[in-house]
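S.K.: The structure is given below, and queries will be raised subsequently.
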Amino acid sequence: MKRAHVLGAAAIVLSAASIPTYALSGKLTIVTSYPTDTTATFEKAFEKKYPGVDVEMLKKKTTAGIKYLQETSDNNQADMFWASAPDAFEVLKGDDLLVKYDVKVGGIPEKVGSFPINDPEGYYKGFAASGYGIMWNERYLKAKKLPPPMEWADLKKPIYHGHSGMSAPSRSGTTHLTVETVLQGMGWQDGWAEWKEIAGNFKTVTERSFGVPDGVNSGSFGAGIVIDFFGLSSQASGFPVGFNYPKVTTLVPANIAIVKNAPNAEAAAAFIEFILSTEGQELLLDPKIRRLPVNPATYAKAPKDFPNPFKDKTIGAAVKFDLALSKGRYNVINSLFDVMITYRLNELRGAVKAIQDAEAKLAGKTNADAAKLIAEARALVNEVPVTEAQASESDFNNIFKKKRKKATTKVTGRQAEIESEWDSMVVANYAKAKELADKAASML
Amino acid sequence: MKASTLTAFSSVERGPAIAGLMIAFFLLLFLIVPVGQVIFVAFQDPNTGSFTLINFADFFGNSLFVESFFNSFYVASMSVIVASIIAMPLAYFTTRFNFSGALLIQTLGIIPLIMPPFVGAVAMQLLFGANGSINLLLEEHLGFTIPFMEGLNGVILVESVHYFPFILINLSAALNNIDRAMEESAQNLGAHGTRLFRRIVFPLAMPGYVAGAALVFIKVFDDLGTPLLLNINNMLAPQAYLRISSIGIADPMGYVISVILVGFSLLSLWISLLALKDKDYATVQKGGGGLMRRDLRTWEKVGCYGVVILILLLVLSPHIGLTLLSFGTVWSFAVIPDGFTFDHYTTVFDTASQYITNTLLYAGIAALLDVILATSIAYIVWRTKLVGRKWLDYGATAALAVPGVVLGIGYLRTYHSFDVPIINEPLASWWVIIVIAMTIRRLPYALRACIAAIQQVSVMLEEAAENLGATKGRTVWRIVVPLMSGGILAGFVTSFATASVELSATIMLVAKDSDAPLAFGIYEFMQSTSGRGPGAALGIIAVLFVGVGTYFSHVIIERSKKLREAKAIVAEGGTT
């Protein structure tokens, strides 16, 4: 009996191994948040290699892409999901929308920085590594006589008031990762305080992550918080910009995965193999793309000053990104940032400017009352309506989800109601903070 | 009455009746039902499905939405005001004086309309932005900057520069239609200058102005593309788009906003129609209408030309900016680009040709459908006695009150789970839905062109044909349509030109990159870190489409007008 089983298994394995590689064909549909520069390059190269396949890119922002896959799961048309943020893939994995895949191509190490390149459970694969940092426009900074900002803390300085920009976590998977990185690196309270004070200097919160490099490229504002390849590709395309990784940053892989019930799973598998092959990894070095490959051998072909995380271990070493933590509070972070910062940017800016002005006046003098008022104002600005523990509660997070698949998911409040409460709190806080800071300034 | 009820179902009317029913069905499926669905969902509790006002309560309870509401209102009103400020001197020059630059002003009136506002927005940002060309020069030489494009100002500036022709045309027409006798009588009775203006000219010109102003108001209120490209999110249309695209089609806020947008559209449309009631602008009295004109003194001439040229420069700024951007290598914190190249156009034709071919296909089909529908509706409404035919006209015209973003949301909601039989794909993500959206949105304009055309065709000609034995169908095909050809063609070209740059509904409905038309392609390309040059190149191509289309439309209308005036109507009989 046993021998029959063994023989049977052997037969299956042998026949599988000897299936002739017939030409791939059909349509390959990829839901992706990447810009045309990236998708067009890979599409062209892949279609050249497999002429029978017609690649179709469904461009959606990361959050919209997740929504799309959730909403069309009953009648799935997409083969793959291709985006930066691993927490987005975690959300999809949790919703049981991805399938496992074993990569055949070799040369990809286990980790980049301190982060595993692939999902340990095998659902999604990293194809490039990305860090987050600051890019700046050299001409702008020169004209305004500002030094290039190198660290997050630099962006809090009063000299940069009105000169920086960023997108919002709800609109950009990469921005979400950046916000999470600082929150994890500095802690909940200090992290939010850092973001509020940085945002207090913002000129704008852009609609998409691309709005930031575009703003810096065109000289609309001087500094922007971006994912590394935006800064590097802008530089490579000739714009007078510079880019730097601050110390508190993390290197996180950008990922690709096959969607459950994919219409063309074979082509999907071939695409993953292609991206991870030597040829595919070298495509990442294209001046319009400029992403960090996960195959260390590729760096031999990279230009001179191109960052190499496999050689330079300091990039991204400070923060070991906790994916589970990020996944557990994904929606809450989105809503918190929007309510406290994005939609109340004017009020926040007013409050922060008042505090900066008061501190400038206080510099060098000792006035305990004024200092106390300024500290109070700061505390008001930095207050977050939700504790870290509460933010990670699954019940609470589920309020911010619109689609509830499981019957056991409880919802106690409604999203609009809670956001409205937060909004009233921050408006009151920022107004009071401005008042206190102005009072402190008048005392000096 | 009895006779007409009988004829309503006679065999002669059967053809038109069937056509009418089919058109009504089309309008029902693709206009009434989706918009109805949107309104319905706004009043529906998302959890229980029962009727409720809680979504509206949530909307007005959330300060972001209230702010968006006020911002949209503010921007639309200010755009009307700024557009009026631009239009008034021009209208005044052409109607009060024998101004030789009148042709220049007419051209001024067309230039903005050929560039969709969102395309110009990016270029104006580069020229007028905080670190744009103008401000860099001002800062360097005069030490100050003007916040032309700061926040909402940017939207107001772009929209005013684009929409002022509406006010100009309406105001000029209104002033030109004032009976000179009125002015003379007033002067005989002793009224001069401001009194004359206040008591006679202003009230008589008001309705025409209000019609134009209401139209501009609603177009700015509903515009999605311009705020999106200028990164202004706290306005109603962008909020609706953002809610639906990032939170999903189940989010009630997107629908509430849609209801508000539709409500205001209907209101503005009603005001506009009310103002134009009983006024006929189709014919202008020759040699007797309008205010008295006088000649210009030399220094007045210089002043007039000065103002006109200043306005011309302002109006041309998006075009100039876009051209510079499309040929520029790197344009960063500088007055003009660092260098110039043809590369962007090469890139566009290499990688983006599908946007152009898609647009030709979609806009072509949409324009064709539009003229077929419009001609049929025009014939049914004006030549038959079918019961309820006026409702076809109202139904088709109602599309004017539906903003693109609302139509997009309506289609997504109604058809996202409806699978098209053979293709096996949801209708909402099939490219044909984009064509349908374009058709519905442009139908009112094509309809107006066809109604104007059919009103010029004498019924006597049809009766003569039928007397000679032709069937209804033959008469329509051999007599009516050829005589309407000028209007039909003009309607086709206008439909085509405006559909090719439609963005609001398209941005909601485009599922795949390969299905995307030009406007969407421009939006995508404008988001590249390797430079906006290709996006600008696409923008210039879009402008050329619209420009050439408008020119041909103009030429065709002028030609058919001349033909009509040259020969007596009765003697025509089918020859061109």
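S.K.: Which of A:Ser442, A:Val381, A:Tyr330 sits farthest toward the positive end of the charge dipole of region A:329-444, with +1 on the Cβ of Lys and Arg and -1 on the Cβ of Asp and Glu?
M.R.: A:Tyr330
S.K.: Report the gain in length on full extension from B:Asn47 to B:Ser417: 0.36 nm times residue separation, minus Cα-Cα distance, nm rounded to one decimal.
M.R.: Taking B:Asn47 through B:Ser417 to full extension adds about 131.3 nm, to one decimal.
S.K.: Here's another thing I want to ask about it. For A:Val241, which sequence-distant residues (separation of 5 or more, or a different chain) have an amide H within less than 5 Å of its own amide H, given hydrogens modelled in the peptide plane?
M.R.: A:Glu138
S.K.: Is the shape of region B:54-341 best called rounded, prolate or oblate, per the rule: a/c under 1.5 gives rounded, else a/b larger than b/c gives prolate, else oblate, with a ≥ b ≥ c the square roots of the Cα gyration tensor eigenvalues?
M.R.: Working: a/c = 2.47, a/b = 1.29, b/c = 1.92.
Oblate, because a/c is 1.5 or more while a/b does not exceed b/c.
S.K.: Another question about this same structure. Under the √(5λ) rule applied to the eigenvalues of the Cα gyration tensor, what semi-axes describe the equivalent ellipsoid of region A:329-444? Give them in Å, descending.
M.R.: Semi-axes (√(5λ), whole Å): 37, 12, 10.
S.K.: Out of the DSSP beta bridges found with both residues in the protein assembly as shown, what percent are antiparallel (nearest 5)?
M.R.: 65
S.K.: Then there is this: Counting only helical runs of four or more DSSP H residues, what would the 222 nm mean residue ellipticity of the protein assembly as shown come to if each run contributes -39,500 (n - 2.57) and the total is spread over all its residues?
M.R.: Value at 222 nm, helices only: -19000 deg cm²/dmol.
S.K.: Follow-up question, since we're still on this one. To the nearest 20 debye, what is the magnitude of the charge dipole of region B:378-519 about its Cα centre, counting +1 on the Cβ of each Lys and Arg and -1 on the Cβ of each Asp and Glu?
M.R.: 440
S.K.: For A:Tyr124, enumerate residues with amide H under 5 Å from its amide H, sequence gap 5+ or separate chain, H modeled in the peptide plane.
M.R.: HN-HN under 5 Å from A:Tyr124: A:Asp119.
S.K.: Take every Cα pair under 8 Å in region A:329-444 that's 6+ residues apart, average their separations, divide by the length, and report that relative contact order as a whole percent.
M.R.: 48
S.K.: Let me ask something additional. Return B:Trp382, B:Trp477, A:Trp152 ranked ascending by Cβ neighbour count within 10 Å, so the fewest neighbours appear first. Each step should come with its number before you reach the end.
M.R.: Numbers: B:Trp382 15, B:Trp477 12, A:Trp152 25.
The fewest-first ordering by Cβ neighbours comes to B:Trp477, B:Trp382, A:Trp152.
S.K.: So what is the relative contact order for chain B, in percent, with contacts set as C-alpha pairs under 8 Å and at least six apart?
M.R.: 19
S.K.: Residue farthest toward the positive end of the dipole of the protein assembly as shown, with Cβ of Lys/Arg at +1 and Asp/Glu at -1: which of A:Ala297, B:Leu137, B:Thr107?
M.R.: Value: B:Thr107.
S.K.: So who's got an amide H within less than 5 Å of the one on B:Glu425, skipping anything under 5 residues away but keeping other chains? H placed 1.01 Å off N, in plane.
M.R.: Excluding prolines and chain starts, which carry no amide H, the hits are B:Val420.
S.K.: Could you work out, residue by residue across B:123-132, how many beta carbons of other chains sit within 10 Å of that residue's beta carbon, and then give the average as an integer?
M.R.: Numbers: counts 0, 0, 4, 3, 0, 0, 4, 5, 11, 3.
Other-chain Cβ atoms within 10 Å of each residue's Cβ, averaged: 3.
S.K.: Please determine, in degrees from 0 to 90 and to the nearest 10, the orientation of helix A:188-199 with respect to the longest principal axis defined by the Cα atoms of chain A, where the helix direction is its Cα long axis.
M.R.: That works out to roughly 70 degrees.
S.K.: Magnitude of the Cβ-charge dipole of region B:98-190, K/R +1 and D/E -1, about the Cα centre, nearest 20 debye?
M.R.: For region B:98-190, the charge dipole is close to 180 debye.
S.K.: Okay, moving on. With unit charges on the beta carbon (Lys/Arg positive, Asp/Glu negative), name the residue among B:Val476, A:Gly122, A:Ala236 whose Cα is farthest towards the positive pole of the charge dipole of the protein assembly as shown.
M.R.: Among B:Val476, A:Gly122, A:Ala236, the one farthest towards the positive end of the dipole of the protein assembly as shown is B:Val476.
S.K.: Relative contact order of region A:132-249, please, whole-number percent, based on alpha carbon pairs below 8 angstrom and at least 6 residues apart.
M.R.: Across region A:132-249, relative contact order equals 45 percent.
S.K.: For B:Glu463, A:Glu376, what ranking results if the residue with the fewest other Cβ atoms within 10 Å of its Cβ goes first?
M.R.: Ordered by Cβ neighbours within 10 Å, fewest first: B:Glu463, A:Glu376.
S.K.: Using the Cβ atoms and a cut-off under 12 Å, what net charge is assigned to the surroundings of A:Ile256, where Lys and Arg are +1 and Asp and Glu are -1?
M.R.: With Lys, Arg at +1 and Asp, Glu at -1, the neighbours total -2.
S.K.: Could you size up the charge dipole of chain B around its Cα centre, putting +1 on the beta carbon of Lys and Arg and -1 on that of Asp and Glu, and report it in debye to the nearest 20?
M.R.: For chain B, the charge dipole is close to 2120 debye.
S.K.: Would you please report the Å³ per residue occupied by the convex hull of the alpha carbon atoms in region B:139-179? Numbers along the way, then the final one.
M.R.: Numbers: hull volume 4.2 nm³, N = 41.
Looking at region B:139-179, the number lands at 102 Å³ per residue.
S.K.: Once both axes come from the Cα atoms, what is the angle between helix A:265-276 and the longest principal axis of chain A, in degrees from 0 to 90, rounded to 10?
M.R.: The helix A:265-276 is inclined about 60 degrees to chain A.
S.K.: Give, as a single signed number, the net charge of other residues whose beta carbon lies under 10 Å from the beta carbon of A:Val386, with Lys and Arg counted +1 and Asp and Glu -1.
M.R.: Combined, the nearby Lys, Arg, Asp and Glu give -1.
S.K.: Summarise the partner chain shielding of B:244-252 as one whole number: the mean count of Cβ atoms from other chains within 10 Å of each residue's Cβ.
M.R.: Partner-chain Cβ atoms within 10 Å, mean over residues of B:244-252: 6.
S.K.: Now for a different question. Taking a quarter of the surface of the convex hull around the Cα atoms of region B:284-374, what do you get in nm²?
M.R.: About 12.6 nm², averaged over all directions.
S.K.: Using Cβ contacts closer than 10 Å as the measure, can you line up A:Asp190, A:Asp214 from fewest to most?
M.R.: Ascending Cβ contact count within 10 Å gives the list A:Asp190, A:Asp214.
Read-outs throughout are calculated quantities, based only on the coordinates presented, and are distinct from any laboratory measurement. Owing to the predicted nature of the structure, the values given are computational and were not obtained by experimental measurement. Cβ atoms come from the backbone with ideal geometry, glycine included; neighbour counts cover every protein chain shown.
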